[in-house]
Amino acid sequence: NDGVLIDLGDKSERFLTKSEFLDEEWDNINLNDEIYVVVEGNKVSYKEARKKRTLQEIYNAQKSESPISIIIKGETKGGYLADYKGFQVFIPGSQTKGKKNIKEGDTYEIFINKVENKGENIVGSITAYENYLKNKGYEDFISNYKEGDIVEGEVKSIIEKGVFVLVNSVEGFVPFSEITYKRIKSPGDFFNVGDKIKAMIIRIDREAKKLTLSTKALEKEPFELFTEKFKEGNRTEGVVRNIIDKGVFVELLSGLDGFIPVSEISWTERVKNPSKYFKPGDRISAVIKNINKKDKKISLSFKDLINNPWEEFRNEYPEGSVVKVKVKDIVDKGVVVQTEKYLEAFIPNEYLGYGRASEEKKKLKRGETIEVKVVDVEPGKRKIILSIKDLLEDPFNIALGSIKKGDEVEAVVSGITENVVFFEIMPNVEGIVKKREFKKDEAKIGAKYSLLVTDIDEEKRKFMLSYEELIKKKEQKELEEHKSKNTVSHRLGDYFKK
């Protein structure tokens with residue numbers, strides 16, 4: 001209990017007290033163990049032998065840059081005190097690799113930086129050894145792995161910019177952008193410290209000794225997942241994520257948005273403010289309008305959830321149908337009207353009637369209901385063209401039924417140009433006379449004249465008239481009447497016959 005008896009190979013045994021041994025040595029000593037001792041005369045010391053051998057180990061470790069294992073004994077000014085087989089070792093704070101949780105009893109591998117005064121002053125470094133391990137581990141790692149390889153590791157720490165992962169003693173980094181296709185606010189939403197993960201090596205920087213990893217590379221891309229399940233024309237669901245003037249972004253899968261342009265929101269309204277229809281967070285349905293595989297974009301339509309009312313209108317009112325509409329607005333190029341189902345349609349100026357557009361517009365009032373004829377419907381362009389004129393009897397045809405070439409007509413001056421005077425023969429029926437037939441400033445707007453129909457141009461829908469020809473015709477007629485009244489009843493021959 002007080003020590004051990006040792007055999008030096010001579011005739012006598014020697015006694016070593018328990019104090020010669022370190023606690024851990026004493027606990028593990030057994031009969032017949034061989035130990036080193038120092039013999040000086042009759043004095044034998046295991047402690048001195050251990051000290052010499054340990055000091056030599058320390059020197060050898062320093063020279064060969066080999067690590068030794070120390071036990072932390074406590075903190076001191078500027079660092080920590082540690083023990084190595086009875087030798088005190090000082091670890092400066094700068095050589096602890098920033099470790100803040102060092103405590104008494106902890107064991108660390110270190111490199112020896114300095115040995116002075118036969119071991120009285122020993123300085124070691126945790127940092128140097130860990131850097132060595134890091135460099136050696138990195139070199140070993142890159143000799144066995146390449147970019148594109150898949151590795152397993154453990155999440156060691158998490159920062160806002162990404163995740164540090166220990167792979168075979170080599171530290172790798174997963175940037176935030178390489179964590180997942182899913183939308184996350186922080187790496188901590190996806191990983192926890194201690195998680196065992198798989199990742200792909202996407203970059204090995206040999207010069208900087210950095211390893212960049214990607215867990216996203218092992219995921220299936222959301223666009224690919226979506227297009228495996230859905231095709232153009234399919235109905236899908238998503239959550240409104242963002243709204244801009246040009247349309248609405250809808251999250252179809254985490255990390256994948258579809259876009260609804262403003263033109264695909266409503267059939268009947270020209271949408272200027274999508275926020276009138278949607279708000280962020282709304283879960284909505286939509287129809288897949290287009291899948292652009294090259295740019296990986298998906299266009300959606302909200303209005304396609306219901307039947308195209310323009311097509312319904314065309315089916316219900318094909319070309320030539322008569323329909324009632326309400327006058328909505330009167331504009332320069334025609335009249336805007338609204339159907340019973342609130343679709344906008346248009347009556348161009350040329351379809352308002354047979355008169356001048358300005359005059360025909362005066363006959364219409366906003367809000368009144370009128371009958372029109374369907375001229376054209378183009379659902380793809382959301383375009384409906386209507387006509388009032390096509391429901392009216394053609395005044396030119398009426399005129400053709402009652403007026404022919406050679407007739408005398410009474411007409412009113414309706415317009416004057418440099419060479420022609422225009423007359424209204426009947427409402428919306430026009431005739432023309434060459435201006436030279438009138439004396440200067442003789443023809444005035446509103447003046448009424450009797451004129452002779454000299455020709456009818458059915459293609460141009462005009463009656464050719466003449467003021468001079470009518471005068472000549474009347475003079476000729478009067479002359480003939482005059483001759484008729486003054487003709488001698490007996491010829492000279494008849495007189496001589498008597």
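Check the range 103-122 and report whether any residue there is closer than 29 Å to GLN62 by Cβ, among the polar types (S, T, N, Q) and in contact with a helix residue (DSSP H, G or I) (Cβ under 8 Å, 6 or more places away or on another chain).
Yes.
If I ask for residues that are in contact with an Asp or Glu (Cβ under 8 Å, 6 or more places away or on another chain) and under 26 Å from TYR46 (Cβ atoms), which ones from the range 77-108 would you list?
LEU81, LYS85, VAL89
Considering only residues of the range 162-183 that are closer than 22 Å to LYS136 by Cα and assigned to a loop (DSSP other than H, G, I, E, B), which is most open to solvent (accessible area, probe 1.4 Å)?
ASN168
Kindly evaluate TYR342 against the criterion of being within 33 Å of the chain's Cα centre (by Cα), modelled with pLDDT under 90 and outside any helix (DSSP H, G or I).
The answer is yes for TYR342.
Under 6 Å between Cβ atoms, which residue pairs at least 6 apart in sequence (or on different chains) link something in the range 194-218 that is among the acidic types (Asp, Glu) with a partner that is part of a strand (DSSP E or B) and open to solvent by less than 20 Å² (accessible area, probe 1.4 Å)?
These pairs meet every condition: ASP195/VAL155.
Please name all residue pairs, on different chains or six or more residues apart, with Cβ atoms under 7 Å, provided the first residue is in the range 34-57 and is among the aromatic types (Phe, Trp, Tyr) and the second residue is assigned to a helix (DSSP H, G or I) and open to solvent by less than 90 Å² (accessible area, probe 1.4 Å).
TYR36/ALA49; TYR46/GLU20
Hey, among the residues in the range 114-161 that are touching a residue at least 40 places away in the same chain (Cβ under 8 Å), open to solvent by less than 60 Å² (accessible area, probe 1.4 Å) and hydrophobic (A, V, I, L, M, F, W, C), which one's farthest from PRO187 (Cα to Cα)?
Step by step, filter the range 114-161, then rank; the result is VAL115.
Filter the range 349-376 down to the residues that are surrounded by 13 or more Cβ atoms within 10 Å (Cβ to Cβ) and closer than 11 Å to ILE330 by Cβ and list them by number.
Passing the criteria: ASN349, LEU352, ALA357, GLU360, LYS361, LEU364.
So, of the residues in the range 410-424 that are open to solvent by less than 20 Å² (accessible area, probe 1.4 Å) and either aromatic (Phe, Trp, Tyr) or within 13 Å of LYS462 (Cβ to Cβ) (or both), which turns out to be farthest from the chain's Cα centre (by Cα)?
For the range 410-424, the residue satisfying everything is ALA411.
Please verify whether the range 251-272 includes one or more residues that are closer than 30 Å to PHE313 by Cα, more than 20 Å from the chain's Cα centre (by Cα), open to solvent by 30 Å² or more (accessible area, probe 1.4 Å) and charged (D, E, K, R).
yes
For the range 65-77: of the residues being without any contact (Cβ under 8 Å) to a residue 40 or more places away in the chain and in contact with a strand residue (DSSP E or B) (Cβ under 6 Å, 6 or more places away or on another chain), which is surrounded by the most Cβ atoms within 10 Å (Cβ to Cβ)?
ILE72
Residue-wise test of (1) open to solvent by 60 Å² or more (accessible area, probe 1.4 Å); (2) of a type outside the set (Lys, Arg); (3) out of contact with any helix residue (DSSP H, G or I) (no Cβ under 7 Å at 6 or more places or on another chain).
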site: GLU228; (1), (2), (3): yes, yes, yes
site: LYS231; (1), (2), (3): yes, no, yes
site: GLU237; (1), (2), (3): yes, yes, yes
site: ARG241; (1), (2), (3): yes, no, yes
site: GLY281; (1), (2), (3): no, yes, yes
site: ILE288; (1), (2), (3): no, yes, yes
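The values are calculated or read from the model by the stated rules, or taken from the named source; none is laboratory data. These figures come from a predicted structure and were not determined experimentally. In this analysis, Cβ positions are derived from the backbone assuming ideal geometry, glycine residues included, and neighbour counts consider all displayed protein chains. Ligands, DNA and RNA are excluded from the accessible area calculation, which covers all protein heavy atoms including side chains. Shrake-Rupley method; radii C 1.70, N 1.55, O 1.52, S 1.80 Å.
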